[in-house]
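S.K.: I'd like to ask some things about the structure below.
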Amino acid sequence: MPHIQYLDTRMKNILVIGSTGQIGSELTLKLRREVPGSTVVAGYIPGAEPHGELLESGPSAIADVRNAGTLASVVDKYKIDTVINLAALLSAIAERKPLMAWDIQMNGLLNILEIAREKGCAVFTPSSIGSFGPETPRKDVPQDTIQRPRSMYGVTKVATELLSDYYFHKFGVDTRSVRFPGLISYTTLPGGGTTDYAVEVYYSAVKGEEFVCPIAAGTYMDMMYMPDALDAVMKLMQADPSRLVHRNAFNIASMSFEPETLFAKIREYIPGLKVRYEVDPIRQAIATSWPDNMDDTCAREEWGWKPTYNLDTMTRDMVEHLRIKLGK
Ligand code: AKB
C-alpha cells in the first residue's frame, strides 16, 4: 500500500479523453448510461469532434493531452474525479510517427498524472499486448514477466505501466489499467493498429468484398469483443482497492486466434468470404514479436474479471450488427 493516504475512486465526474475513438465512442455512452448520477465529459481534439448521440447525451470539451493548461481547466470546470485516458497512436502508425507517439503517450500521460496528483483524480490509461516483446514467454503470458517490446508503441506502453505505478506508490494517485488485446467492434473502426485486420475482415465479409489480409496465416494474437473490454474498464475502476495486488496493468484475455481460424468462423455465417494475403512487413514484425495469449488469473482473482464472448458468439453478433449498419 502507498505510504500517502489512498485516494478512493469515485467515478462520478468522469473525463474520457479520446471519446470519439474506437473505445471512447462506446465507453463514454456506457458510462453515461450505467454510472448513476455521473457526469461524463466527452474529451476530443479538433478534427475529431463528437457527433450524434455522443454529442447530444452529455457535455463535451477539447481535451488534448499535450496541452496541460486546457486539460486542467476542463478538470476544474467539471470537478473531474476520474480521467479515462484513451489518447494514443496505435502500434503500426506509431512505427511511422515515433516522436508523435512518444509525445502523446508519454508527455501526455505525464500531464494527466500531474493534474491527477494535484486535484485528486483517479486515472485509467490502457496498456496492451503491445507491451510484450520477443523475450516474453509466447504462451499463457504470466502477469509479471519480461517486457522488452521492440516497437515504439510497446515502449510507451511499458513506460505507461511503470509511470502509472510510480504515481500510485509515490503520490497515492489511484491509477489502474489493463493490457488490452486487439479489440473487435462494429461501432467505430480502429486505425493504425496491428490487430485491425480482425475488425476489417468483418466489414469486407458483410459487404461481399475480397479481404486483403496484412497478417500472415498462423500468427496468433489475443483478441477481445468490445463489450467485454468496456466491462473490464468499468469493473476495474469500481473494484475494491483493498483487493488489488496489481495496478498497472492487468492481463485480460478472452480468445486467441490466427487469421485462418477467424476466416473459417466468419465463413460459417458468410460462406462467400474471399481472402488474399498481402503481408505488411511493419505489422507482421510487430505481430510476430507479440505473444500468442495471456494468462489473466490475477484479474480474475483480484477484481472478478470474466469475459462473456467467445469467437463464435462474437462473430454472430458482429455479422448481425454490421448487416444492419451497412444495410446488407
Ligand atoms: C494495436 O494493434 O496496436 C492495438 C493493440 C493490440 O494495442 N489494437
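S.K.: Provide the percentage of antiparallel DSSP beta bridges, counting only those with both residues in the chain; round to the nearest 5.
M.R.: Close to 10 percent.
S.K.: Can I ask one more? Can you tell me how much longer the chain between Lys207 and Tyr277 gets when fully stretched, taken as 0.36 nm per residue apart minus their C-alpha distance, in nm with one decimal?
M.R.: Net length gain for the segment: 23.4 nm.
S.K.: Sequence gap at least 6, Cα distance under 8 Å: using those rules, report the relative contact order of the stretch 165-247 to the nearest whole percent.
M.R.: Value for the stretch 165-247: 38 percent.
S.K.: Moving on to the next point. Would you mind calculating the relative contact order of the stretch 184-328 from Cα pairs under 8 angstrom and at least 6 residues apart, reporting the percent as a whole number?
M.R.: Relative contact order for the stretch 184-328 comes out at 39 percent.
S.K.: Now for a different question. Once the whole set of protein chains is in place, how much accessible area is left on Glu268, using a 1.4 Å probe, in Å² to the nearest 10?
M.R.: The value for Glu268 is about 120 Å².
S.K.: Pick from Lys235, Lys30, Lys170 the residue whose mean-square fluctuation is largest in a GNM of the chain, springs joining Cα atoms under 10 Å.
M.R.: Lys170
S.K.: Going by average Cβ neighbours within 10 Å, how do the peptides 73-80, 239-246 rank, with the highest at the top?
M.R.: Highest mean packing first, the order is 73-80, 239-246.
S.K.: Glu56 versus Glu301, label points 7 Å from Cα toward the beta carbon: distance in nm?
M.R.: 4.8 nm
S.K.: While we're looking at this one, here's another question. If you take every residue apart from Val35 with its C-beta less than 14 Å away from the C-beta of Val35, what net charge results, scoring Lys and Arg +1 and Asp and Glu -1?
M.R.: With Lys, Arg at +1 and Asp, Glu at -1, the net is +3.
S.K.: Rounded to the nearest 0.05, what FRET efficiency do Arg316 and Glu34 give with R0 = 30 Å and r taken as the Cβ-Cβ distance? Could you check?
M.R.: With a Förster radius of 30 Å, E is 0.80.
S.K.: Separate question: Hey, how many Å between the Cα centroid of the stretch 159-215 and the Cα centroid of the stretch 32-107?
M.R.: 16 Å
S.K.: Given +1 on the Cβ of Lys and Arg, -1 on the Cβ of Asp and Glu, and no further charges, what dipole in debye does the chain carry about its Cα centre, rounded to the nearest 20?
M.R.: It comes to approximately 320 debye.
S.K.: Keeping all protein chains in place and using 1.4 angstrom, which order do Ser57, Ser254 fall into by accessible surface area, from largest down?
M.R.: Putting Ser57, Ser254 in descending order of accessible area: Ser57, Ser254.
S.K.: Mind checking the stretch 152-218 for GluC sites (Glu not before Pro) that DSSP puts in a loop (not H, G, I, E or B) and that have at most 14 other Cβ atoms within 10 Å?
M.R.: Sites meeting the loop and neighbour criteria: Glu209, Glu210.
S.K.: Helix-derived [θ] at 222 nm for the chain: sum -39500 (n - 2.57) over DSSP H runs of at least 4, divide by residue count, nearest 500?
M.R.: That comes out to -12000 deg cm²/dmol.
S.K.: Select from Gly43, Gly193, Gly18 the residue whose mean-square fluctuation is largest in a Gaussian network model of the chain (Cα-Cα springs shorter than 10 Å).
M.R.: Judging by the Gaussian network model, the answer is Gly193.
S.K.: Summarise the accessible area of the chain (1.4 Å probe, protein heavy atoms) by the percent that is carbon and sulfur.
M.R.: The computed percentage sits at 53.
S.K.: Select from Thr175, Thr313, Thr288 the residue whose mean-square fluctuation is largest in a Gaussian network model of the chain (Cα-Cα springs shorter than 10 Å).
M.R.: Maximum among the listed residues: Thr313.
S.K.: Based on alpha-carbon positions alone, could you give the equivalent ellipsoid semi-axes of the chain from the gyration tensor, as √(5λ), descending, whole Å?
M.R.: Equivalent ellipsoid of the chain: 31, 22, 19 Å, largest first.
S.K.: May I pose another question? Near Ile270, within a Cβ-to-Cβ distance under 13 Å, what is the net charge of the other residues, with Lys and Arg +1 and Asp and Glu -1?
M.R.: Summing Lys/Arg as +1 and Asp/Glu as -1 gives +3.
S.K.: Go ahead and run the numbers for FRET between Gln238 and Lys328, Cβ-Cβ distance against an R0 of 35 Å, rounding to 0.05.
M.R.: In this case the efficiency is close to 0.40.
S.K.: If ligands, DNA and RNA are left out, what is the accessible area of Cys298 with a 1.4 Å probe, given in Å² to the nearest 10?
M.R.: Counting only protein heavy atoms, the figure is 30 Å².
S.K.: I'd like the FRET efficiency for Ala216 and Lys119, computed as 1/(1 + (r/R0)^6) with the beta carbon distance as r and R0 of 45 Å, rounded to 0.05.
M.R.: Efficiency for this residue pair is about 0.45.
S.K.: Counting only heavy atoms of the protein chains, get the accessible area per residue of the stretch 39-185 (1.4 Å probe) and round it to a whole Å² value.
M.R.: On a per-residue basis, the stretch 39-185 sits at 40 Å².
S.K.: Could you please report the charge total around Met318, scoring K, R as +1 and D, E as -1 over all other residues with beta-carbon less than 15 angstrom from its beta-carbon?
M.R.: Neighbourhood net charge equals -1.
S.K.: Would you mind getting the accessible area per residue of the stretch 212-328, heavy atoms of the protein chains only, 1.4 Å probe, in Å²?
M.R.: 42 Å²
S.K.: Treat each spin label as a single point 7 Å out from the Cα along the C-beta direction, and report the Leu189 to Arg150 distance in nm.
M.R.: Using points 7 Å along Cα→Cβ, the separation is 2.9 nm.
S.K.: What shape does the stretch 204-252 have by the C-alpha gyration tensor, where a ≥ b ≥ c are the square roots of the eigenvalues, rounded means a/c under 1.5, and otherwise prolate means a/b greater than b/c and oblate the rest?
M.R.: Cα axes put the stretch 204-252 in the oblate bin.
S.K.: So how much accessible area does Met255 have, in Å² to the nearest 10, using a 1.4 Å probe?
M.R.: So the heavy atoms of Met255 present about 20 Å² to solvent.
The values are calculated or read from the model by the stated rules, or taken from the named source; none is laboratory data. As the structure is a computational prediction, the values presented were derived from the model and not from experiment. Virtual Cβ from ideal backbone geometry, glycine too; neighbours counted across all protein chains shown. Accessible surface areas use protein heavy atoms only, side chains included; no ligands, DNA or RNA. Shrake-Rupley method; radii C 1.70, N 1.55, O 1.52, S 1.80 Å.
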